[in-house]
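Quick one: this structure, given as structure tokens, is what I'll be asking you about.
The values are calculated or read from the model by the stated rules, or taken from the named source; none is laboratory data. Just so you know, these numbers come straight off a predicted model, no measurement behind them. Note: ideal-geometry Cβ built from the backbone for every residue, glycine included; neighbour counts use all protein chains shown. Ligands, DNA and RNA are stripped out before the accessible areas are found, and what is left, the full protein with its side chains, is counted by its heavy atoms. Shrake-Rupley method; radii C 1.70, N 1.55, O 1.52, S 1.80 Å.
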Protein chains: 2
Amino acid sequence: MDAIKAIRARCSIREFKDTPVDRKVIEEIVDCGRLAPTARKEEPWEFVVVTDKDTLAAMADITDHGKFIKSSACAIAIFCRDTKYYLEDGSAATENILVSAASLGLGSCWVAGDKKHYCAKIAELLGAPPVSKLVSIVALGYPAKDPQPLEKRPLKDVLHWEKF
Amino acid sequence: MDAIKAIRARCSIREFKDTPVDRKVIEEIVDCGRLAPTARKEEPWEFVVVTDKDTLAAMADITDHGKFIKSSACAIAIFCRDTKYYLEDGSAATENILVSAASLGLGSCWVAGDKKHYCAKIAELLGAPPVSKLVSIVALGYPAKDPQPLEKRPLKDVLHWEKF
């Protein structure tokens, strides 16, 4: 799908069909995360892809607002080393994952990681080093319903020419 | 351009042709920023597009590693309100801008904002409220040379199945 069309189509999907996502498709999506911009060439990211139903249920249980992870086809936990710009890098990688997923007809939802009380629990569950920064968890799957992107603040309100 | 192709084509461009970017193209790119995911529906972002040569030179001068902003066709400063997830939201919006720009044949480079000593100076120059968080500045223009994406850590090193 065209890039701008995919960016427009992307929205948070929390209900998924009971259809697995092909391993090659997941690899292509994670590859897009890997190709995100990174400050100072740090590439601080590691991507843990979970498809095991029990682990998905455990992740859902640990989060506050990610209970739907349980019904996703897979979840991608994005961890970073603690670099100065890990949150920018990890967020750009997350967005690449969401946009590439949308372009392939998949639904996704960004579940917060950074600043959440449960980071260490997710790291422990997935065997990540305790010092890892959990930037996000992306729930992924084929959408159960037609995606409906939310209305956002109009362009004229957020775009300022030359001065704020 | 296809979304995954655009994500793969995107790389940091710091040398630009002396060709202006059409206003409608800039609007489409900023619109992609506006459509980024946002935690708790905060949409904390404001996008200041600078095309004025004197202001571009002043911005370049203020930054540490953004001297090439001076020769860009335009720069987009991305400011956010100070919400809990402003850096995730602003970084996702920045990445949408970079990917949509690449899909339209434009070159871009992400110049750091957050945590930089010059945030307040950029805010003052552009008339943003002093409390604004500068997430990034994106330099934009038609690339002077063929883009050459950097080699990154291979997929097999960053993708972990089920466990870290």
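Add +1 for every Lys or Arg and -1 for every Asp or Glu among the other residues with Cβ under 13 Å from the Cβ of residue B:14, and state the total.
Summing Lys and Arg as +1 and Asp and Glu as -1 gives +3.
Okay, next question. For a quick check: with amide H placed at 1.01 Å from N, whose amide H comes under 5 Å from residue A:74's, ignoring anything fewer than 5 positions away on the same chain?
A:140
I've got another one for you. Roughly what % antiparallel, to the nearest 5, for the DSSP beta bridges in chain A? Could the numbers behind the result be given before it?
Numbers: 20 of 21 bridges.
Beta bridges within chain A, antiparallel portion: roughly 95 percent.
Work out which residues of region A:49-73 lose at minimum 40 square angstrom of accessible surface when the other protein chains are put back, relative to the chain isolated, with a 1.4 angstrom probe, and list them by number.
A:49
Additional query: Residues with beta-carbon under 15 Å from that of residue A:70, excluding residue A:70: net charge, scoring Lys, Arg +1 and Asp, Glu -1?
Working: positive: A:14, A:17, A:53, A:67; negative: A:15, A:18, A:52, A:54, A:61, A:64.
Surrounding charge for residue A:70 is -2.
What does the copy distance list look like for residue B:61, label position 7 Å along Cα→Cβ, in nm and ordered from shortest?
Its label point is 6.1 nm from the equivalent points in the other copies.
How far is residue B:157 from the same spot in each other copy, in nm, shortest first, if each label point sits 7 Å from Cα toward Cβ?
Label-point distances to the other copies, shortest first: 4.5 nm.
Kindly tabulate the residues in region A:141-164 with an accessible-area decrease of at least 20 Å² between the chain alone and the assembly of all protein chains, using a probe of 1.4 Å.
Flagged in region A:141-164: A:150, A:152, A:153, A:155, A:158, A:159, A:160, A:161, A:162, A:163, A:164.
For region B:3-158, give the magnitude of the charge dipole about the Cα centre (Cβ charges: +1 Lys/Arg, -1 Asp/Glu; no others), in debye to the nearest 20.
Roughly 420 debye for region B:3-158.
As an exercise, identify the GluC sites (Glu not before Pro) in region A:1-74 lying in DSSP coil whose Cβ has no more than 13 other Cβ atoms within 10 Å. Could you put the intermediate results ahead of the total?
Details: sites: A:15, A:27, A:28, A:42, A:46; in loops: A:15, A:42.
Within region A:1-74, the qualifying GluC sites (Glu not before Pro) (loop, at most 13 other Cβ atoms within 10 Å) are A:15.
Only helices at least 15 Å long along their own axis, judged from Cα atoms, and with Kyte-Doolittle mean hydropathy of -1.0 or greater: name those in chain B from DSSP H.
Helices meeting the criterion: B:23-34, B:86-103.
Which distances, shortest first and in nm, link residue A:22 to the matching position in the other copies, using label points set 7 Å out along Cα to C-beta?
3.6
Would you work out what percent of the accessible area of chain A, with all protein chains in place, is carbon or sulfur (probe 1.4 Å)? Present the calculation step by step, with values, prior to reporting the outcome.
Values: 3590 of 6950 Å².
Taking all protein chains in place, chain A shows 52 percent carbon and sulfur surface.
Calculate, for region A:1-104, the solvent-accessible area per residue in square angstrom, rolling a 1.4 angstrom probe over the heavy atoms of the protein chains. Don't jump to the answer; show the numbers that get you there.
Numbers: 3930 Å² over 104 residues.
Result: 38 Å² per residue.
Let me ask something else. Using a 1.4 Å probe on protein heavy atoms, which residues of region A:1-20 have at least 10 Å² less accessible area in the complex than alone?
The answer is A:1, A:2, A:3, A:4, A:7, A:8, A:10 - residues whose exposure falls by at least 10 Å² when every protein chain is included.
I would also like to ask the following. Between region B:9-26 and region A:57-88, what is the C-alpha centre distance in whole Å?
34 Å
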